[in-house]
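To start, the structure under review is shown below, and the notes come after it.
The values are calculated or read from the model by the stated rules, or taken from the named source; none is laboratory data. The model shown is predicted, which means the values in this text are computed figures rather than measured ones. Cβ placement follows ideal geometry from the backbone for every residue including glycine, while neighbour counts extend to all protein chains displayed.
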């Protein structure tokens, strides 16, 4: 397995998997890295705040701190999408030597170095978001770890794992909303050279999806959350290892799923005490438990056709599932059959975007999901959130197919 990461938006450009002599790239996107400058929200980090927030002035308060948040409009006059006009997806992050990281302890760095087999299999990207950036208060320093982990010998069919771990800290006293995610789009069949018909290989509707969700967020006509959540049971949003095309909505999926409650011991904390990190942080090691986790996946995406499967784990309360309903048709990777002609891009329903983050506009609707984080970070805390993708191949299926 091979992963290519770009400093522009900490973009996961490619996830290359070798299966029985066949090369797959399981992420959609442009061939040329520079095209991410116009191919927005594809495989990039999203921040300061993922998804949609109501435009306006909002007073946020936590632990004695108070700040004014003023999200800027970009999707519509009422809606600020994915952090604003120039969110973290558009920033150029600095790739740090591991030993220069400020938000990872020495023990965590040793775990990263020993677990990744090679110094080329892990990187930390840093960025400073200035006070007032896109209307969000406080100067925020961030570090994002991207690590590629080899499988254990006992893990049958496993090719490897990708871990993305987000850390952030305010450099001045105060409080700010923060809700980061990776806006990555998966297609496990797109690299196949043969299709049953036409663009069949570019669709994910024949993928099976399992989301261990309890509720979905109710949305207003402008896409903002109402603050209410509806049970998924008995609806098309009950993804229990079914084909995505079963019950497929007219306009595709673009919904936030609240995951079913899990035992506390399975969930890495969303926040680290800044005092603990500064005074007793030498041996503090939350990376180790993430790297060595044996949790059951909260989401699983698989394809019978390619024999590929991706299991996801995260300490987030939920995720957005989006089926690329409004794709930019100008760009497509060559490995996905791009002819090189303009407008020869991806079709509707060509990807399963699985974006793990906290509930929608959670700092404006804290009563909606009381067991989730309020998505407010104070200067007494360090942000700590991750997503892990374990990739498997059913080699017997591939040989038999």
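Within the group 136, 125, which residue is at pLDDT 95 or above, within 23 Å of residue 278 (Cβ to Cβ), touching a strand residue (DSSP E or B) at 6+ places or on another chain (Cβ under 7 Å) and crowded, with 20+ Cβ neighbours inside 10 Å? Unique residue meeting the criteria: 125. Of the residues making up region 137-185, just one is within 15 Å of the chain's Cα centre (by Cα), under 24 Å from residue 18 (Cα atoms) and not in a strand (DSSP E or B), namely 184.
Among the residues of region 1-59, those identified as buried (at least 22 other Cβ atoms within 10 Å of the Cβ), in contact with a helix residue (DSSP H, G or I) (Cβ under 6 Å, 6 or more places away or on another chain) and not in a strand (DSSP E or B) are 9, 47.
Just so you know, in region 220-252 the residues that are without any contact (Cβ under 8 Å) to a residue 60 or more places away in the chain and assigned to a strand (DSSP E or B) include one that is farthest from residue 188 (Cα to Cα), and it is 226.
Residues in region 60-84 that are loosely packed, with under 13 Cβ neighbours inside 10 Å and outside any strand (DSSP E or B): 63, 64, 77. Residues in region 139-154 that are surrounded by fewer than 19 Cβ atoms within 10 Å (Cβ to Cβ), in contact with a strand residue (DSSP E or B) (Cβ under 8 Å, 6 or more places away or on another chain) and more than 15 Å from residue 47 (Cβ to Cβ): 150, 151, 152. With the structure loaded, tell me whether residue 188 is part of a loop (DSSP other than H, G, I, E, B), crowded, with 24+ Cβ neighbours inside 10 Å and within 20 Å of the chain's Cα centre (by Cα) or whether it fails that test. In short, yes.
Suppose the filter is surrounded by 18 or more Cβ atoms within 10 Å (Cβ to Cβ), within 17 Å of residue 317 (Cα to Cα) and touching a strand residue (DSSP E or B) at 6+ places or on another chain (Cβ under 8 Å); does residue 244 pass it?
Here the answer is no, as residue 244 does not meet what is asked.
Could you tell me whether any residue of region 254-265 is in contact with a strand residue (DSSP E or B) (Cβ under 6 Å, 6 or more places away or on another chain) and closer than 29 Å to residue 109 by Cβ? No, that holds for no residue. For region 253-268, a tally of residues being part of a loop (DSSP other than H, G, I, E, B) and either surrounded by fewer than 13 Cβ atoms within 10 Å (Cβ to Cβ) or over 20 Å from the mean Cα position of the chain (by Cα) (or both) returns 2.
Find the residue count for region 341-377, including only residues that are surrounded by fewer than 20 Cβ atoms within 10 Å (Cβ to Cβ) and touching a helix residue (DSSP H, G or I) at 6+ places or on another chain (Cβ under 9 Å). The qualifying residues number 1. Note on region 156-185: among residues that are within 16 Å of residue 394 (Cα to Cα) and touching a residue at least 40 places away in the same chain (Cβ under 8 Å), the one that is surrounded by the fewest Cβ atoms within 10 Å (Cβ to Cβ) is 157. Picking from residues in region 85-122 that are touching a helix residue (DSSP H, G or I) at 6+ places or on another chain (Cβ under 8 Å), assigned to a helix (DSSP H, G or I) and free of Cβ contacts under 8 Å to residues at least 60 places away in the same chain, the one that is surrounded by the most Cβ atoms within 10 Å (Cβ to Cβ) is 109.
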